[in-house]
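Structure, as structure tokens:
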Amino acid sequence: MRMIICLAALLLPAEAASASGGIWCDVDDAQVKFDVGAGVTTGMGGPTFNFRGDLEIKARPEGDDLRKTVFEDSNLTQYWLDNKELRLNIYHEHEVAKTFSSVELTILTKASDEGVYDGEYKLAIYDSTKDVDSDGKPMELTGKISCGAE
């Protein structure tokens, strides 16, 4: 009996580890190029792990601090995934000479097929060094996106 319990205890973590999938989205249009993705577990509320991404804002000049951004786990501030929708909110702050700027990428999609989510992205870019009016309004870029999930 002890042998059966020990064997069951050893096999449970292997089954839980296989109960994971992933989410990914990428765009390469005239305004931006980005690729984001994460692993997703199917249990415990479906938390993400190992979120990563790269963003390039093509309209920003070469060498500009906001032109390229690398996203990490802490930048994925919200996410929603079910059979109907995939939603992501990604936020990253840049600090240069005690001045803060930020990029916020919002992805809103609906399922179009099994594991395929189509919709729109909105990228809000706040460049405090260029905000001469101090109005705090970001520049916004929008476009179409297709994402995947398994």
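The values are calculated or read from the model by the stated rules, or taken from the named source; none is laboratory data. Given the structure is predicted, the values throughout are model-derived calculations rather than measurements. Protein only, heavy atoms only, side chains kept; ligands, DNA and RNA dropped before computing areas. Shrake-Rupley method; radii C 1.70, N 1.55, O 1.52, S 1.80 Å.
Using the heavy atoms of the protein chains alone and a 1.4 angstrom probe, what is the accessible area of the stretch 51-150 per residue in square angstrom?
So the stretch 51-150 comes to 61 Å² accessible per residue, rounded to a whole number.
Along the stretch 81-98, what does the Karplus equation 6.51 cos²θ - 1.76 cosθ + 1.60 (θ = phi - 60°) give for ³J(HN,Hα), rounded to whole Hz, x for Gly and Pro?
9, 8, 6, 10, 9, 10, 10, 10, 10, 10, 9, 9, 9, 10, 10, 9, 6, 6
Taking the radius of gyration and the Kirkwood hydrodynamic radius from Cα positions alone, what is the Rg/Rh ratio for the stretch 36-126, to two decimal places?
Result for the stretch 36-126 is an Rg/Rh of 1.02.
For the stretch 53-62, in order, what is each residue's ³J(HN,Hα) by Karplus, 6.51 cos²θ - 1.76 cosθ + 1.60 with θ = phi - 60°, in whole Hz (x at glycine and Pro)?
For the stretch 53-62, the Karplus-derived couplings read x, 10, 10, 10, 9, 5, 6, 7, x, 4 Hz, x marking Gly and Pro.
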